[in-house]
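Asks: Dropping a structure here in structure tokens format, bear with me for questions.
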Amino acid sequence: MSDSASKPRPQFRNISVPQILSYRLPLAGKSSILHRVSGALLFLCLPLVLVPLFSLSVTSPDSFASIQGWVANPIVKLILLALIWGYLHHFCAGIRYLVLDLHIGMDKVSAQKSAGVVFGVSLALTLVFGLKLFGVW
């Protein structure tokens with residue numbers, strides 16, 4: 001018998017929605033997906049939220065005072081906190097990807113550690129800015 005005998009081909013089937021929901025991504029995969037989500041969040045909010053708020057804040061002292069009144073609302077503060085997290089996560093993960101582009105930390109263990117660092121740093125900075133936003137200090 002020859003080694004070149006035909007072997008059964010592997011069968012790849014489409015996975016269903018319950019299988020997708022039960023699939024556990026590694027930490028690096030979650031970081032990658034959240035990097036894309038935060039980038040989309042920032043991209044979509046730039047013309048809708050950030051540019052109008054900035055233009056109103058620099059137009060006159062009266063418009064700046066009206067912006068201060070809006071930001072005093074807790075719902076607006078939560079929206080701003082989400083934008084702050086999006087920016088900080090996107091920034092930290094972007095630095096991680098620049099380091100990965102230099103072929104540093106490409107092995108599995110280092111990638112998991114750097115993804116953990118991204119989550120830790122971005123959440124810690126978000127906490128600091130959130131405390132400042134909500135007037136704790």
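Asks: When segment 72-120 is examined, which residues are found to be open to solvent by 30 Å² or more (accessible area, probe 1.4 Å), hydrophobic (A, V, I, L, M, F, W, C) and either touching a residue at least 40 places away in the same chain (Cβ under 8 Å) or at positive phi (or both)?
Replies: The answer is LEU80, LEU81, ALA82, ILE84, TRP85, PHE119.
Asks: For residues in segment 38-71 being over 17 Å from ALA82 (Cβ atoms), at pLDDT 90 or above and among the aliphatic types (A, V, I, L, M), which is most open to solvent (accessible area, probe 1.4 Å)?
Replies: VAL58
Asks: Another question, if that's okay. Could you say whether any residue in segment 22-33 is open to solvent by 60 Å² or more (accessible area, probe 1.4 Å), β-branched (Val, Ile, Thr) and either part of a loop (DSSP other than H, G, I, E, B) or without any contact (Cβ under 8 Å) to a residue 24 or more places away in the chain (or both)?
Replies: For segment 22-33, residues open to solvent by 60 Å² or more (accessible area, probe 1.4 Å), β-branched (Val, Ile, Thr) and either part of a loop (DSSP other than H, G, I, E, B) or without any contact (Cβ under 8 Å) to a residue 24 or more places away in the chain (or both): present.
Asks: Cβ-Cβ below 7 Å, separation at least six or inter-chain, first residue in segment 39-57 and in a helix (DSSP H, G or I), second open to solvent by 50 Å² or more (accessible area, probe 1.4 Å) and of a type outside the set (S, T, N, Q): which pairs?
Replies: GLY39/HIS90; LEU42/TYR87; LEU42/HIS90; SER57/PHE64
Asks: Could you tell me which residue of segment 121-137 is farthest from SER31 (Cα to Cα), considering only residues that are in contact (Cβ under 8 Å) with a residue 40 or more places away in the chain and open to solvent by less than 60 Å² (accessible area, probe 1.4 Å)?
Replies: It comes out as LEU133.
The values are calculated or read from the model by the stated rules, or taken from the named source; none is laboratory data. What you see is a predicted model, and the numbers here were worked out from it, not measured in a lab. When we count neighbours, we look across all protein chains shown, and the Cβ atoms used for this are built from the backbone with ideal geometry, even at glycine. What goes into the accessible areas is simple: the full protein's heavy atoms, side chains included, and nothing from ligands, DNA or RNA. Shrake-Rupley method; radii C 1.70, N 1.55, O 1.52, S 1.80 Å.
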